[in-house]
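In what follows, a structure is listed as structure tokens, so that the remarks can point back to it.
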Amino acid sequence: MCKEDIFNEIIQVVSRETEISPRIILSGSKETEVVDARYLLVYFLFKEGFYPSRIALLVRKTKRAVNYMLSNFSSRVRCGKMMGIYRERIGNELGKD
């Protein structure tokens, strides 16, 4: 599977699970639910082996922003119960833990 297919699969799963369209996930929206979905997308792309610089291009953010999301993902999960639920469900669907 090529990188584009992997990206499309992950964003579709995140979108379906969070009920937020891919267009909105990739937007500049700062609504909590959208930011959570973006964090999940970045997390699963990284788990799939994408480098932060590549993720930054795909999600239209800076590499620094992507590294920030990755380093603060656990904290975001601890603070939001739904993030933990989403992480588990998306991980199960993608075959990742």
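Go through the range 1-23 and give me each residue that's open to solvent by 60 Å² or more (accessible area, probe 1.4 Å) and of a type outside the set (Asp, Glu). Result: 1, 2, 3, 8, 12, 16, 23.
Of all residues in the range 35-48, those that are closer than 11 Å to residue 91 by Cβ have Cβ atoms under 6 Å from Cβ atoms of residues that are of a type outside the set (S, T, N, Q) and open to solvent by less than 20 Å² (accessible area, probe 1.4 Å), 6 or more apart or on another chain, in 40/14; 43/73; 44/10. Looking across the range 24-34 at every residue that is open to solvent by 50 Å² or more (accessible area, probe 1.4 Å) and part of a helix (DSSP H, G or I), the one that is nearest to residue 91 (Cα to Cα) is identified as 33.
Here's the yes/no breakdown for (1) touching a Lys or Arg at 6+ places or on another chain (Cβ under 7 Å); (2) part of a helix (DSSP H, G or I); (3) polar (S, T, N, Q); (4) modelled with pLDDT of 95 or more:
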{"residue": "67", "(1), (2), (3), (4)": "no, yes, yes, yes"}
{"residue": "71", "(1), (2), (3), (4)": "no, yes, yes, yes"}
{"residue": "78", "(1), (2), (3), (4)": "no, yes, no, no"}
{"residue": "92", "(1), (2), (3), (4)": "no, yes, yes, no"}
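Applying the criterion of being more than 21 Å from residue 92 (Cα to Cα) and small (Gly, Ala, Ser) to the residues of the range 49-67, the residue that is least open to solvent (accessible area, probe 1.4 Å) is 56. None of 15, 27 is free of Cβ contacts under 8 Å to residues at least 12 places away in the same chain and hydroxyl-bearing (Ser, Thr, Tyr) except 27.
The values are calculated or read from the model by the stated rules, or taken from the named source; none is laboratory data. Keep in mind the model is a prediction, meaning the values are calculated, not measured. With ideal geometry, Cβ positions are generated from the backbone for all residues, glycine too; neighbour counts draw on all protein chains shown. We work out accessible area using only protein heavy atoms, side chains counted, and drop any ligands, DNA or RNA first. Shrake-Rupley method; radii C 1.70, N 1.55, O 1.52, S 1.80 Å.
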